[in-house]
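Following: one structure in structure tokens, then a few remarks.
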Amino acid sequence: MDEALLQFFTSLDRSLFLGMQYKGLAKLDRPLPIGLGQTISQPSLVLYMTQQLDLKKNQKVLEIGTGSGYQSAFLAEFCAELYTVELLAELQKQAKERLRGLGYHNIHYKVGDGSLGWAEHAPYDRIMVTAAAKRMPLPLIEQLAPGGIMIIPVGPLGWQELMQVTKDNEGNIEQKKLLDVAFVELVGKYS
């Protein structure tokens with residue numbers, strides 16, 4: 001485990017990303033509701049997924065599913081620029097306020113269909129998808145830079161496989177299953 005990532009994980013107060021009725025449950029290692037049918041992931045999974053991205057401070061990262069902004073904070077802390085896409089404008093607005101309040105100014109926000117990625121700023125060194133796609137969204141693979149890594153849950157509603165997708169310098173794609181997971185559904189054209 002990367003020491004800086006572990007230190008950040010233990011210092012970040014998850015309750016900052018939760019509504020009042022759930023703040024007292026913030027230390028539990030389980031997903032919790034954040035409204036509009038969405039959840040904040042369990043902390044150990046956020047840590048694990050971030051570790052699997054192998055982030056570097058000079059990288060440009062795309063996040064699909066801003067949600068509460070909890071995962072966004074991990075990404076923004078360890079990359080140069082974060083581009084985050086959220087389908088639900090209300091969640092995006094709340095996350096933006098939280099993250100700016102925490103001092104993150106390297107985050108760019110977009111409300112829209114995350115399955116399409118954010119082509120204008122591609123390619124991305126790393127892509128983090130925090131909602132489950134029924135199948136691998138091709139636009140995200142296209143927007144992954146050579147040498148890039150994407151973490152994405154793929155499969156039907158209920159249970160999915162957390163996949164690590166890598167693209168080599170020739171553009172060849174390799175997929176590796178990391179874990180069985182349960183995420184909310186990715187909604188969009190390529191979900």
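The values are calculated or read from the model by the stated rules, or taken from the named source; none is laboratory data. Keep in mind the model is a prediction, meaning the values are calculated, not measured. We place every Cβ from the backbone using ideal geometry, glycine too, and count neighbours over all the protein chains shown. Ligands, DNA and RNA are excluded from the accessible area calculation, which covers all protein heavy atoms including side chains. Shrake-Rupley method; radii C 1.70, N 1.55, O 1.52, S 1.80 Å.
Tabulated data
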| quantity | calculated |
| --- | --- |
| Subset of the stretch 110-133 [in contact with a Ser or Thr (Cβ under 6 Å, 6 or more places away or on another chain) and of a type outside the set (S, T, N, Q)] | A133 |
| Criterion: at pLDDT below 95 and open to solvent by 60 Å² or more (accessible area, probe 1.4 Å) - qualifying residue of L116, L36 | L36 |
| Subset of the stretch 68-97 [in contact with a Gly (Cβ under 9 Å, 6 or more places away or on another chain) and surrounded by fewer than 17 Cβ atoms within 10 Å (Cβ to Cβ)] | E90, E97 |
| Output for the stretch 108-140, where each listed residue is among the β-branched types (V, I, T) and within 14 Å of the chain's Cα centre (by Cα) | I127, V129, T130 |
| Members of the stretch 15-49 found to be under 16 Å from L91 (Cβ atoms) and in contact with a strand residue (DSSP E or B) (Cβ under 8 Å, 6 or more places away or on another chain), listed by number | F17, L18, G19, Y22, P31, L32, P33, I34, T39, I40 |
| Enumeration of residues in the stretch 119-135 that are modelled with pLDDT under 95 and surrounded by fewer than 22 Cβ atoms within 10 Å (Cβ to Cβ) | K134, R135 |
| Residues (of a type outside the set (A, V, I, L, M, F, W, C), loosely packed, with under 12 Cβ neighbours inside 10 Å and not in a strand (DSSP E or B)) located in the stretch 136-177 | P156, G158, D168, N169, E170, G171, N172 |
| Flag if L47 is within 20 Å of L18 (Cβ to Cβ) and part of a helix (DSSP H, G or I) | yes |
| Hits in the stretch 54-67 - residues which are more than 10 Å from the chain's Cα centre (by Cα) and either charged (D, E, K, R) or open to solvent by less than 10 Å² (accessible area, probe 1.4 Å) (or both) | D54, K56, K57, K60 |
| Failed item, numbered, when G188 is tested on (1) in a strand (DSSP E or B); (2) surrounded by 15 or more Cβ atoms within 10 Å (Cβ to Cβ); (3) touching an Asp or Glu at 6+ places or on another chain (Cβ under 7 Å) | (1) |
